[in-house]
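Peer 1: Just passing along the structure, written as structure tokens.
Just so it is clear, none of the values below were taken in a lab; they were calculated from the coordinates. Quick caveat: nothing in here was measured; it's all calculated off a predicted structure. Because the Cβ atoms are built from the backbone with ideal geometry, glycine has one as well, and the counts that use them run over all protein chains shown.
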Amino acid sequence: MTAFTVVTHDTPAGPVLELAGDLDVATAPLALRAVEAMAPRAGQQVVVDLTGLRFCDSTGISTLIAVHNLAHAADAGVALAGVPRHLARTLALVGLDGFFVTHPTAEHALAAWPDPPGG
């Protein structure tokens, strides 16, 4: 089992959530707590950086959907960054490849988002 880490930080465009290791039934609660604490504002974008993700099961995919739902409930956008090939393939197989906006890196995702209101 690979150690799982969650790191969050704020940017002017919105919160960034970095997930690394194995996102599975054992680690999803930690990720969900971080997601719930992010509190994006309307007009921002939540970026989920998956560059360090080594494994993601169905519970992990549900966690990514929860991030999407949280962002949209706050009238914010959401983007996945650095999606590993194995996860991109799984998202395509389950029909979620068009559900998420993706970028090669978190920096690309942040640069692609319009300036936040008043910013």
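Peer 1: Once the other residues with Cβ under 15 Å from the Cβ of Pro29 are scored (Lys, Arg +1; Asp, Glu -1), what is the net sum?
Peer 2: -3
Peer 1: Output the Kirkwood hydrodynamic radius of the chain, Cα pairs only, in Å rounded to one decimal.
Peer 2: Value: 14.0 Å, from the Cα pair sum.
Peer 1: Let me ask something else about it. Can you tally the net charge around Val16? Count Lys and Arg as +1, Asp and Glu as -1, for every other residue whose Cβ sits under 13 Å from the Cβ of Val16.
Peer 2: Once all neighbours under 13 Å are counted, the net charge is -4.
Peer 1: What is the magnitude of the charge dipole of the chain about its Cα centre, with +1 placed on the Cβ of each Lys and Arg, -1 on the Cβ of each Asp and Glu, and no other charges, expressed in debye to the nearest 20?
Peer 2: 160
Peer 1: For Cα pairs less than 8 Å apart in space and 6+ apart in sequence, what is the mean separation divided by the residue count of segment 12-119, i.e. the relative contact order in percent?
Peer 2: 32
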